[in-house]
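Take a look at the structure below.
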Amino acid sequence: MAHAAPFSAVPGAVIVDDVLQHVGNPMAEQRALARGTALAPLGDRAVIAVDGEDRLTWLDSLTSQALARLAPGESTELLVLDPQGRIEHVAAVVDDGATAWLIVDRADAEGLLAWLTRMRFRLRVQPRSADAEVAVIGGSPDAISRVAPAAPAGTPLVWHDPWPAITPGGHGYAPVDPHPGSERRWAEALVAIEELDRIAADAASGVVDLAGVVAADALRVAAWRPRWSGEVDERAIPHESDWMRTAVHLSKGCYRGQETVAKVHNLGHPPRRMVALQLDGSDAALPERGAVVRRDGDEVGVVTSAARHFEEGPIALAVLRRGVPVDAALTVDVEGAQIAAAQEVIVPPDAGATANVPRITRLSRRARAT
């Protein structure tokens, strides 16, 4: 479904692969999103609907999250793990009393839908693609309040990002207080195609301010918020990116991968840990996903997401080997060169083993790099 097509008439719109990247000024768009005055059409998201009486208990049995008693309109997120506890799929979830709506990264949608379809057995569940019915619009809760979300069962379909709160059954590893994600209030509304067309028309006439996915993702990176398309690779487990705080319920029943989740959290440590990087050089090119992070020339990790933030400049998320010292001087490979990168701990080396990590006051990453 070409959800970005209606926005082609917006002045300055840059659309790539049916995704609105920006409308001419990603930095200004970030500021508008942070102020709550702009909406971001999220063409890089897809929607899966799960109908049927058994939908919540079924999803509860398959995934990392406790969903059996999810109330209509309540927001949460889930992970689908492999038998070794590695992340395979990720979804934001809101239920309306009749259907569970899963918001997923578009590149993950086909695989997740196929897997859910295979796992139906004889239960009263029916997963399907809902892309022809709804599109995803992101922004602050204040901004989202100005759109008309779909409500096929009477409950408005708006997902409020729980990050960085530690949700029931979760556990947070990041040692800083306040968490940088507390500055980002984020929601995603599912809107009917007619409402998407109205938003596009208002944006083209200047009534509505828009932001592209470049701006939305920069705010996500600054909030240390993991995402399937960035932080998930063939080795990723929930602990290493602090995803335990919002996507895992540690005291729910068994599910695939649960043994590894419990073992690492209670007895061991994740082999990798996520850090935030302040990148040197405001005019330097941003590293690509997978760019090598080095210590004294040796490879010690990779970049998972990078962005140019309107206040902090070039920033990134990366996963490092657990043994890399928290004060190690790092560099990142960018276009055949290496640029300096100051790290800030997201997941400490002693995360897991139910470590009681002391909280420290957070300093500005820009200040730490100077």
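The values are calculated or read from the model by the stated rules, or taken from the named source; none is laboratory data. In this text the structure is predicted, and so the values were computed from the model without any measurement. In this analysis, Cβ positions are derived from the backbone assuming ideal geometry, glycine residues included, and neighbour counts consider all displayed protein chains. Protein only, heavy atoms only, side chains kept; ligands, DNA and RNA dropped before computing areas. Shrake-Rupley method; radii C 1.70, N 1.55, O 1.52, S 1.80 Å.
Here are a few things to note about the model shown:
- Search result, residues across the range 267-295 that are within 21 Å of the chain's Cα centre (by Cα), surrounded by 14 or more Cβ atoms within 10 Å (Cβ to Cβ) and of a type outside the set (A, V, I, L, M, F, W, C): 270, 272, 273, 278, 287, 289
- Taking the numbered list (1) modelled with pLDDT of 95 or more; (2) assigned to a loop (DSSP other than H, G, I, E, B); (3) open to solvent by less than 40 Å² (accessible area, probe 1.4 Å) in turn, residue 319 passes all entries but (2).
- Candidate set from the range 222-262 (those that are touching a His at 6+ places or on another chain (Cβ under 7 Å) and open to solvent by less than 20 Å² (accessible area, probe 1.4 Å)); member that is nearest to residue 318 (Cα to Cα): 222
- With respect to (1) outside any helix (DSSP H, G or I); (2) charged (D, E, K, R); (3) buried (at least 23 other Cβ atoms within 10 Å of the Cβ), the lone exception for residue 299 is condition (3).
A quick yes/no check of all residues on (1) closer than 30 Å to residue 204 by Cβ; (2) of a type in the set (Asp, Glu):
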site	(1), (2)
4	yes, no
22	yes, no
38	yes, no
51	no, yes
76	no, no
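- All conditions in (1) part of a strand (DSSP E or B); (2) within 25 Å of residue 22 (Cα to Cα) hold for residue 132, with the sole exception of (1).
- Filter pass, residue 218 being farther than 19 Å from residue 145 by Cβ, in contact with a strand residue (DSSP E or B) (Cβ under 6 Å, 6 or more places away or on another chain) and either open to solvent by less than 10 Å² (accessible area, probe 1.4 Å) or not acidic (Asp, Glu) (or both): yes
- The range 32-57, residues that are open to solvent by 10 Å² or more (accessible area, probe 1.4 Å) and over 19 Å from residue 147 (Cβ atoms): 51, 52, 53, 54, 55, 56, 57
- Test: residue in the range 104-111 that is part of a strand (DSSP E or B) and open to solvent by less than 10 Å² (accessible area, probe 1.4 Å): yes
- Any hit, the range 324-345, residues being under 25 Å from residue 161 (Cβ atoms), outside any loop (DSSP other than H, G, I, E, B) and in contact with a Pro (Cβ under 8 Å, 6 or more places away or on another chain): yes
- Among the residues of the range 5-31, those that are in contact with a Pro (Cβ under 8 Å, 6 or more places away or on another chain) and either open to solvent by 40 Å² or more (accessible area, probe 1.4 Å) or part of a loop (DSSP other than H, G, I, E, B) (or both) comprise 23, 24.
- Residue 85 being part of a loop (DSSP other than H, G, I, E, B) and in contact (Cβ under 8 Å) with a residue 24 or more places away in the chain: yes
- Residue 260 vs. criteria touching a strand residue (DSSP E or B) at 6+ places or on another chain (Cβ under 8 Å), under 12 Å from residue 65 (Cα atoms), part of a helix (DSSP H, G or I) and in contact (Cβ under 8 Å) with a residue 12 or more places away in the chain: no
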